[in-house]
Structures are given as C-alpha cells and as structure tokens.
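The structure under discussion appears below in the form of structure tokens.
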Amino acid sequence: MMLSGWGRFPRIDCQVTRPLTEDALRAQVAKGGLIARGNGRAYGDSALSPGNTVDMRGFRHMLAFDAATGVLTVEAGVLLGDVISAFLPRGWFPPVTPGTKFVTIGGMIAADVHGKNHHKHGSFGQFVDWIDVMGADGAVTRCSRHENPELFGWTLGGMGLTGVILRAAFRLTRVETAWIRQTMIPAPDLDAAMAAFEASGDATYSVAWIDCLRLGDGLGRSLVMLGEHATFAELKLPEKRDPLLAPKRRRLTVPFDLPGFLLNGATLRAFNALYYNQGARNAGESLVDWDSYFYPLDAILGWNRSYGRKGFAQFQCALPLASSRQGLQALLKAIAAAGMGSFLAVLKRFGPQDSRFSFPMEGYTLALDFPVNRGTLALLDRLDRITLDHGGRFYLAKDSRMRAETLRAADPRVAGFLEMRGADARAETFTSAQSKRLTL
Amino acid sequence: MSTPGPVLILGGRSDIGRAVAHAFAAKGHPIQLAARGAASLETSRKDMELRHGVSVTLHEFDALDMAGQAGFIDALPALPEIVVCAVGLLGDQYDDERDFDAATRVMRSNFEAPANILGLFANRFETRGTGTLVGISSVAGDRGRASNYIYGSAKAGFTAYLSGLRNRLARKGIHVVTVKPGFVATSMTAGMDLPEKLTAAPEMLGEKIVQAVERRRNVIYVKPVWALVMLIIRNIPEAVFKKTSI
Ligand SMILES: Cc1cc2nc3c(=O)[nH]c(=O)nc-3n(C[C@H](O)[C@H](O)[C@H](O)COP(=O)(O)OP(=O)(O)OC[C@H]3O[C@@H](n4cnc5c(N)ncnc54)[C@H](O)[C@@H]3O)c2cc1C
Ligand SMILES: NC(=O)c1ccc[n+]([C@@H]2O[C@H](COP(=O)([O-])OP(=O)(O)OC[C@H]3O[C@@H](n4cnc5c(N)ncnc54)[C@H](OP(=O)(O)O)[C@@H]3O)[C@@H](O)[C@H]2O)c1
C-alpha cells in the first residue's frame, strides 16, 4: 500500500504487516529489510520500508504499573495518548512528551523524543528503565543501563535500525492537576527570545513560537511560553472539583487536501503578525489544560493535509550553545529572505545530553515545515549548509530529504552506529527508506 | 447513578470484541471475556484492568459446543447486565462451495451458535426482568451475493433471529441491539484492500455499540453511509442484481 510519514512526502508503496504475536513478528524479521512502524508521526521516511514495513500497533497492551514508583510497563505499540487517558486521572503524567500524543511508546524510544522540558529533564530515554529488543536472529534481549548497555544506548534514538522494540518500562511523573500554569513572554527579536530562555532555566517547560518571516529589526521575534504543572492550590472553582480532569476539546478535521496556494508568503506574514500581536496582548500568566498546552495541533485531526497533495518537509536542527545565536540568525535570514516558512516554527533551548545516537545537544533547536516544491528543497539544502557551518546536527525523525554526506559531516557518531549495525546482521535485517538514503 | 453492571463479551479475542470491551470498561463496567483458549487472553485482561481500573475475568467458551452453553452461563461469576456476541467466522466462499463441512461450520458459527447462546441469555434476562443483548451481524446478511453468500446467509438468519428476539422481549424490559457493520479493519479482513471511506476502525464500533446500548437503538449500521449503500443494494431488482458482481 502507499505509505508515507506525517509530512506525506515521500510516498512509497510498502508491504505492510501487522503481527500480533512475537512469533509472527519473528517470521517478518527473518525476511530481512524490515522497519518497525509506530503511529507514523515521524515526518519523512524513517518508518517506511518497501519490502517489509511492520505496523507495531498490534503490540498494544499495557502490562504492569507500580503505583509506588510510577513505573509503567507497556508493549511498544501503546499510544502515548492512551497512557495519558489511563493515568492522568490517577495523578500521573508522561515524563517527556513530544508535540503530539498520537505517537507510540516504541516510536518515542526509537527517536528518543524530547519535549518542552528537555533543558531540565533531558530526553524520553532518561526515563526508560529497560526495553526488550528483538534482534536479527529473532531473539529478544532485555536491555537497560546495566544489562546489555550497548544495545540499550544505540537503540535510544536508533530509529528502528538496531532491532524491534517490543516492550518498555518507563517512569511516569506525579502531578496534582491536569492544568498547566503558563507564562507568555513576548520577545520582539531573537536576542530577547534567547535572553528569556536563558533566564528561565528553572522553568519546567519552555518553548517559543518564532516568526520566521521577519527580517531586519524584528528578526526572530517570538512568543516564549513557560509552563509549570499547576498545583491543586493554584486551581479555582470549578476546576478544583475535578483537578485531574480537563474539559474535552472539540475536534476539527481537515477533510481534504487544501490547495497549495493557500500557503504563501502573504498569508503567512498576515497570520504571523496576527498571532504575535494576539500573544503579546495575552502576555503573563494563565491556566491552560494539558491537552491544549502540549498538543495544540492534535485538535485539528489531519492538519498535515493543509499543505496540499505534495506534502511537506520538516526541518529541525540543533545548534551548540556557543554558535546558536549566529547560527539561528543565519538560518532565520535565509528563511525570511526566501519568503517561505510555516505557521508553526518552534525554537527551544536544549539542555545537556549524553547519548549514543540521540538528536539533542546542549544549545538551541529550531523546527519548521515547508510545503514540498523545488524552491523549498533548494532552501532546505541551504539550511543544511548553515547548520553544518555552525556545528549543528539534524533530527532524523523529521528528515525526508537530507543527503548522506550531510549527515556524516554533521554527526561523527555515524561511524560508531555503522559499526554497531555491522555486527549481528542488523544492517541487512533492519532498513528503512531513510537508512538507505542516508546509507546508514 | 448505580454502579455499572458486568458486560460479557462472547468472542473476547476478536478485534471488535476487544474494542467493545474497552469501550464498556472505560465507562466503569466490569468485563467478562469469553473465548476459546481464554487463558491466553491474560495480557488483554491485565491491559483492560490497568487502563480502566475495572475487574476483568476470563471464561472458557466454545460457541459450537451447544451442549455446554447452559453450563457456561451458570458458571459465570454473575449474570451479566449486557451480553455482546462478536463470534463469527468468515470462511472462504470459493472453498466452502466445495467443502460442505466447512460451509456448515461457517453457517453454524455465524447463526446457530450465536443465536442459541443469546436465546439462553434472553430466557434468563426475561426471568430477571432486565438486560441487553447485542448481536454483531453484518451487512452481508442484507442480501446474498456470489462473493460471500454462505457467510451472508448465516448472518441473515442471525439478523432475523435478533429481530424476532427484540419483538418478543420489547415489552419485558429486555433490549436487543442488532449491529450490522460494513467493513471493519480487523484480523478477519487483514490483507484485504478495503475502501477507506467505507471502513470503520474497531474502536469506532466500540463507541457506537456503547452508544446504541445507552440509547436503546434497535439496528445500527455503525457507519451511516452503509445504511444508504445497503438500501440501494437491497432495492436493485433481482433481474439486474443477479448479473452484477458487487
Ligand atoms: C505534530 C508533531 C509534533 C512533534 N513534536 C515532537 C517533539 O516535540 N519532539 C520530538 O522529539 N518529536 C516530535 N515529533 C516527532 C515524533 O515524536 C517522532 O517522530 C516519533 O518517533 C513518532 O512516533 P511514532 O510512534 O509515530 O513512530 P513512527 O513515526 O511510526 O516511527 C518513527 C521511528 O521509530 C521507529 N520505531 C517505531 N516503533 C518502533 C519499535 N517498536 N521498535 C523499533 N523502532 C520503532 C521507526 O522505525 C522510525 O524510525 C512530532 C511529530 C508530530 C507529527
Ligand atoms: N471485520 C469485518 O469487516 C466485519 C464486518 C461485519 C461483521 N463482522 C462481524 O464482527 C464479528 C467480530 O469479527 P472480527 O472482525 O473482530 O473478526 P475475528 O477476529 O475473526 O472475530 C471472530 C471471533 O469469533 C470467534 N469465534 C469463532 N468461532 C468461535 C467459536 N466456535 N467459539 C468461540 N468463539 C468463536 C473467534 O475466536 P478465536 O479467536 O478463538 O478464533 C474470533 O474471536 C464477527 O461476528 C464478524 O462476522 C466483521
């Protein structure tokens, strides 16, 4: 069947199976050329393999929960949103969450996802106690920081290329309420935004929406949003009556592909101006329910169709702290000059990260998407170049078009990853369209 | 509000049965899962308990063991408030045209066995004076077609049985829901190329069935478009219909 990632580019004809048992999965592994697929929220071709794509959502059971420690054990195909539905009412929340709850736990581990609390708590992998991984021979290995630490380390952020994650145990975080106390700080330019991040290292959550179409004085104007889990005492009536229950949000659906011309420099500029001014008016504190705070886009099902039929490409890079300011300026200038950008461009401060192959590094990360066309593909190549020049690297979960040389130039860890994959026949057994393109 | 009563799922391993169980469990109903080889549903049981904080029990059940049906009911920890029958067998039309044992098996699995067990529950519910029966039939029972008439005719029988049961019990406070799903993406249909707009996810069935029970609906098609599709299919004159291949 025709399959794509969330960006709907590229679309590839893939053989898809959905095993329900370990034996059925083992039979697929034996065929080789396999990639595990979670909920397809990676943007590009990470979870596509023409000959052997395995839909892991059949492994969908929650296995155990320890209410004393908050350790939840699940099969890899369990959705993050289901974890929240089951455990938020009991006062537990995921320790790290990406900007959508429609991801599987396996996908979160394979991409070692980061959230708005990365500067403080690190990536999801920090909270994973152990995983069970099926290797090329079909055997299942339990691994953790103490047991088979090599496999554990490479599998976090390994994009499904080290084996198939079957089960995982991870720690949930205690919360008193389902609400977030948000502080909105309007930042008229990039320096102000970075200053706001640097001044708010203690905040649990921080993220900025950045206007990527402004040039000159307002380059990098942003709305920086800080957040804390609200305590029970901070709630008022009527929320106090059901502190762990937030109102159900209305769902909208984008039913069909919007024509591509709806997204152009003019509409974007208008949207961005409106959005910034609205945000600036709402500066200060407010209480926001968990769903609207963490997953604003989830309310619009199928929003990826708003880019039209050709799909879109995400760009996300991380820059080291020392070169962040310069690098971000160069990136933003290139984007604004090209007059192309997205409604949603996100800037975030990363904290330190020490891991084998995960994406984050201490510094700043910028993420935005572009409708796919010749102009934007050329722009993306330019952004790659700027990122390389500033010592940055790229998020594989977002990538759909990078060149193999670019990845190698950006990431000296590739050599170690290849060596790891070379052992135990992993390299032939686990491949994705992305791993082929990037010769991983 | 009184505490929700237990819901029994016959065919607890099926994707649809499982989704219905989750939907009722999410509303606080204790769940009884009945299936062949029930012990192997332990992971499912634990999962349901973890997600919804309700009690879930497993019960060995082979629908074709007609003699054992009454004993099965008596052995349940409590007479359920709601019974959902998801038992069914699609078979292979082409092979079953040539193998009468196989054809009989399809007919019995979709009609005789489900009808009988629901009939037994109906009698017990009648004595008690409350209860809801949900039978999962199929649009395939709305008109016999070359591509699946063995399965379809059995479902037609089941649909008629449910309708009669509903008629019999309507004034006794017992409600009967007939569910006629179109395409559902489950292991029964795995590998088939189903049209997206006509295909429901099992979770949608779960939601719709809970709704149908709460609102005491009689017959539901799950995806409303199917009511229209089947209206058309039922009304094609036989002289024309016999030459089509749908
Ligand atoms: C709106 C939106 C917002 C996002 N925000 C963020 C964010 O803030 N931070 C962030 O880090 N990411 C973010 N992402 C990216 C997303 O979190 C990752 O791509 C995640 O991996 C998707 O999980 P999935 O279950 O959909 O996996 P898929 O997209 O299906 O697969 C992603 C990768 O995981 C591998 N994989 C999946 N399951 C398994 C398994 N069981 N065993 C081995 N490998 C497996 C696949 O092979 C593939 O390489 C966002 C995505 C969207 C659409
Ligand atoms: N999928 C569709 O498109 C679709 C459309 C319309 C109607 N339906 C109906 O929906 C119901 C559920 O089907 P499904 O799609 O979820 O497929 P399924 O997984 O094949 O479900 C059928 C279930 O019936 C059980 N079963 C069969 N014979 C049995 C017996 N003798 N005793 C006990 N259990 C028995 C099977 O149990 P085992 O697991 O032990 O084999 C299986 O769990 C069926 O009645 C089906 O006809 C499905």
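The values are calculated or read from the model by the stated rules, or taken from the named source; none is laboratory data. Values in this document were obtained by computation on a predicted structure and should not be read as measured data. Virtual Cβ from ideal backbone geometry, glycine too; neighbours counted across all protein chains shown.
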Can you run down the residue pairs with Cβ atoms below 9 Å, 6 or more apart or on separate chains, where the first is in the range A:198-209 and without any contact (Cβ under 8 Å) to a residue 12 or more places away in the chain and the partner is basic (Lys, Arg) and part of a strand (DSSP E or B)? none
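Quick grid of which residues meet (1) over 28 Å from A:Gly311 (Cβ atoms); (2) hydrophobic (A, V, I, L, M, F, W, C):
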{"position": "A:Leu25", "(1), (2)": "yes, yes"}
{"position": "A:Pro50", "(1), (2)": "no, no"}
{"position": "A:Thr53", "(1), (2)": "no, no"}
{"position": "A:Gly70", "(1), (2)": "yes, no"}
{"position": "A:Thr73", "(1), (2)": "yes, no"}
{"position": "A:Pro89", "(1), (2)": "yes, no"}
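Results for (1) out of contact with any Cys (no Cβ under 6 Å at 6 or more places or on another chain); (2) outside any loop (DSSP other than H, G, I, E, B); (3) without any contact (Cβ under 8 Å) to a residue 12 or more places away in the chain; (4) more than 26 Å from A:Leu20 (Cα to Cα), shown as yes or no for each residue.
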{"position": "A:Gly106", "(1), (2), (3), (4)": "yes, yes, no, no"}
{"position": "A:Gly115", "(1), (2), (3), (4)": "yes, no, no, yes"}
{"position": "A:Lys120", "(1), (2), (3), (4)": "yes, yes, no, yes"}
{"position": "A:Gln126", "(1), (2), (3), (4)": "yes, yes, no, yes"}
{"position": "A:Asp137", "(1), (2), (3), (4)": "yes, no, no, no"}
{"position": "A:His146", "(1), (2), (3), (4)": "yes, no, yes, yes"}
{"position": "A:Leu151", "(1), (2), (3), (4)": "no, yes, no, no"}
{"position": "A:Gly157", "(1), (2), (3), (4)": "yes, no, no, no"}
{"position": "A:Ala169", "(1), (2), (3), (4)": "yes, yes, no, no"}
Could you please let me know if B:Val87 is closer than 25 Å to A:Glu22 by Cβ and either in contact (Cβ under 8 Å) with a residue 12 or more places away in the chain or within 14 Å of another protein chain (Cβ to nearest Cβ) (or both)? no
Do you know which residues across the range A:87-108 are within 21 Å of A:Phe152 (Cβ to Cβ) and either within 14 Å of chain B (Cβ to nearest Cβ) or more than 7 Å from ligand 1 (Cβ to nearest atom) (or both)? A:Pro94, A:Pro95, A:Val96, A:Ile105
May I ask you to list the residues in the range B:1-22 that are among the hydrophobic types (A, V, I, L, M, F, W, C) and more than 16 Å from ligand 2 (Cβ to nearest atom)? B:Met1
Pair list, Cβ under 6 Å, 6 or more apart: the range A:1-27 residue closer than 15 Å to A:Gly58 by Cα and within 13 Å of chain B (Cβ to nearest Cβ), other residue β-branched (Val, Ile, Thr) and away from ligand 2 (no atom under 16 Å from the Cβ): A:Val16/A:Thr53; A:Thr17/A:Val54
Matching option when the condition is more than 10 Å from ligand 1 (Cβ to nearest atom), more than 14 Å from chain B (Cβ to nearest Cβ) and of a type in the set (D, E, K, R), among A:Lys116, A:Lys31: A:Lys31
Is the range B:239-246 home to any residue that is within 25 Å of B:Asp101 (Cα to Cα) and not charged (D, E, K, R)? no
Residue count for the range B:195-246, restricted to those that are in a helix (DSSP H, G or I), over 22 Å from the mean Cα position of the chain (by Cα) and among the small types (Gly, Ala, Ser): 1
Is one or more of the residues making up the range B:123-139 modelled with pLDDT of 95 or more, surrounded by 15 or more Cβ atoms within 10 Å (Cβ to Cβ), farther than 30 Å from B:Ala39 by Cβ and within 12 Å of ligand 2 (Cβ to nearest atom)? yes
Within the range B:183-196, the residues that are within 11 Å of chain A (Cβ to nearest Cβ) and under 17 Å from B:Ala227 (Cα atoms) are B:Glu196
What is the residue count in the range A:59-81 for residues that are polar (S, T, N, Q) and facing chain B (nearest Cβ under 10 Å)? 1
A careful count of residues in the range B:35-47 that are within 9 Å of chain A (Cβ to nearest Cβ) and out of contact with any Gly (no Cβ under 8 Å at 6 or more places or on another chain) gives 3
Being surrounded by fewer than 17 Cβ atoms within 10 Å (Cβ to Cβ) and more than 13 Å from ligand 2 (Cβ to nearest atom) is the requirement here; does B:Gly53 meet it? yes
Filtering the range A:339-369 for residues that are out of contact with any strand residue (DSSP E or B) (no Cβ under 9 Å at 6 or more places or on another chain) and among the hydrophobic types (A, V, I, L, M, F, W, C) leaves a count of 1
Filter the range B:159-180 for residues that are in a loop (DSSP other than H, G, I, E, B) and more than 16 Å from ligand 2 (Cβ to nearest atom) and give the result. B:Gly173, B:Ile174
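Here is a yes/no grid of residues against (1) over 27 Å from B:Leu79 (Cα atoms); (2) free of Cβ contacts under 8 Å to residues at least 40 places away in the same chain:
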| position | (1), (2) |
| --- | --- |
| B:Pro114 | no, no |
| B:Ile117 | no, no |
| B:Arg124 | no, no |
| B:Thr127 | no, yes |
| B:Gly191 | yes, yes |
Tell me which of these A:Ile185 doesn't satisfy, since it passes every other one: (1) part of a helix (DSSP H, G or I); (2) surrounded by fewer than 23 Cβ atoms within 10 Å (Cβ to Cβ); (3) touching a helix residue (DSSP H, G or I) at 6+ places or on another chain (Cβ under 9 Å). (1)
Can you find, within the range B:63-111, the residue that is farthest from B:Ser153 (Cα to Cα) among those that are among the charged types (D, E, K, R) and within 15 Å of ligand 2 (Cβ to nearest atom)? B:Asp65
Condition check: of a type outside the set (Asp, Glu), touching a residue at least 40 places away in the same chain (Cβ under 8 Å) and within 14 Å of chain B (Cβ to nearest Cβ). Does A:Ile84 satisfy that? yes
